[in-house]
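Please read the structure below before turning to the comments.
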Amino acid sequence: MTLLRLEEVHAAYDESQVLTGVSLEIAKGELVTLLGRNGAGKTTTLRTIMGLLPPLSGRISFKGQQISGLVPNRIAKLGVGYVPEERGIFPSLTVSENLMFPSWGRGETGWSLERIYHFFPRLHERAAHKGSQLSGGEQQMLAIARILRAKMDLLLLDEPTEGLAPLLVETIGTILKEIKASGLTVLLVEQNTRFACQIAERHHILYGGRIVHTCSNDEFMRDMDIQHKYLGV
Ligand SMILES: Nc1ncnc2c1ncn2[C@@H]1O[C@H](COP(=O)(O)OP(=O)(O)O)[C@@H](O)[C@H]1O
Ligand SMILES: [Mg+2]
């Protein structure tokens, strides 16, 4: 079943057009990536799906319902969770307060606090610390945990491993695999191609404002030409 579908989505900031016809489909339960060079429009694609940047044209549908044109809060209520690059937690609230605060208007209908703390022992240890006192990896875990609390169906993640030490990158990878196993669908934006290959089953490559290539992880790992041409690795 297709969970998310983008058809010929165009988006721009003022005069500069960034997305020039993005089309992609994600099935329920998949963990797939959106890859592309710096400035390719990956963040813009996530912002457009989330309604933070209204598309100029094209269609975006989620669970068969058209969501392009809706405001972000409405889209979140339908079950789309977004962790931006800057992580989206409340820095002045403690970890436990961050987890109490109903995320994105869906209330605390998802994972229980107990399950969250069992899954993220690190957050349990840091429960009384303020968001601003957490390390980058802990902030990333907290941002993901807030989405799990709110029971989303689709998780949009923008470069969750950026700036993290290798051991934490591995931890985030394990967490994402377990989240997928629990039934959530994940669209992951990554610059770290190696990490992307370790966890994703399929990849979408954004280049020149469009998806120029979609392939399975096996295909992608074999095809160095694609990696070289579009990602410069
Ligand atoms: N708020 C903005 N205003 C104007 N241009 C922007 C803005 N955000 C991003 N851009 C431009 O849009 C293009 C795509 O950016 P972005 O989606 O952030 O790329 P990526 O996430 O793939 O690195 C870049 O050329 C960037 O400079
Ligand atoms: Mg980006």
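What the table below lists for this structure:
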{"item": "Förster radius 45 Å - calculated FRET efficiency between Gln133 and Ala27 (Cβ-Cβ, nearest 0.05)", "result": "0.70"}
{"item": "For the chain, share of DSSP beta bridges that run antiparallel, in % to the nearest 5", "result": "55"}
{"item": "Neighbourhood net charge (14 Å Cβ-Cβ; Lys/Arg +1, Asp/Glu -1) for Leu53", "result": "0"}
{"item": "Pairwise Lys count, the chain - Cα closer than 15 Å, eight or more residues apart or different chains", "result": "7"}
{"item": "Surface/4 of the Cα convex hull for region 101-233, nm²", "result": "9.1"}
{"item": "Label zone at Thr2, where the point sits 7 Å out along the Cα-to-Cβ direction: region 41-84 residues whose backbone N lies under 13 Å", "result": "59-67"}
{"item": "Rg followed by Dmax, in Å, when region 16-72 is reduced to its Cα trace", "result": "11.7, 34"}
{"item": "Percentage relative contact order, region 107-214, counting C-alpha pairs under 8 Å, at least six apart", "result": "24"}
{"item": "The chain: relative contact order as a whole-number percent, Cα under 8 Å and 6+ apart", "result": "26"}
{"item": "Using a Förster distance of 41 Å, the FRET efficiency for Glu170-Asp14 (Cβ separation, nearest 0.05)", "result": "0.55"}
{"item": "Carbon and sulfur %, accessible surface of region 20-140 computed with the full protein complex present, 1.4 Å", "result": "52"}
{"item": "Computed over region 169-233, Cα set: Rg, Dmax in Å", "result": "12.4, 35"}
{"item": "Cα-based Kirkwood hydrodynamic radius, the chain, one decimal, Å", "result": "17.9"}
{"item": "Accessible surface, per residue, of region 5-132 when the full set of protein chains is kept, probe 1.4 Å, Å²", "result": "48"}
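The values are calculated or read from the model by the stated rules, or taken from the named source; none is laboratory data. The model shown is predicted, which means the values in this text are computed figures rather than measured ones. Reconstructed Cβ throughout: ideal geometry from the backbone, glycine too, with neighbour counts over all protein chains shown. Ligands, DNA and RNA are stripped out before the accessible areas are found, and what is left, the full protein with its side chains, is counted by its heavy atoms. Shrake-Rupley method; radii C 1.70, N 1.55, O 1.52, S 1.80 Å.
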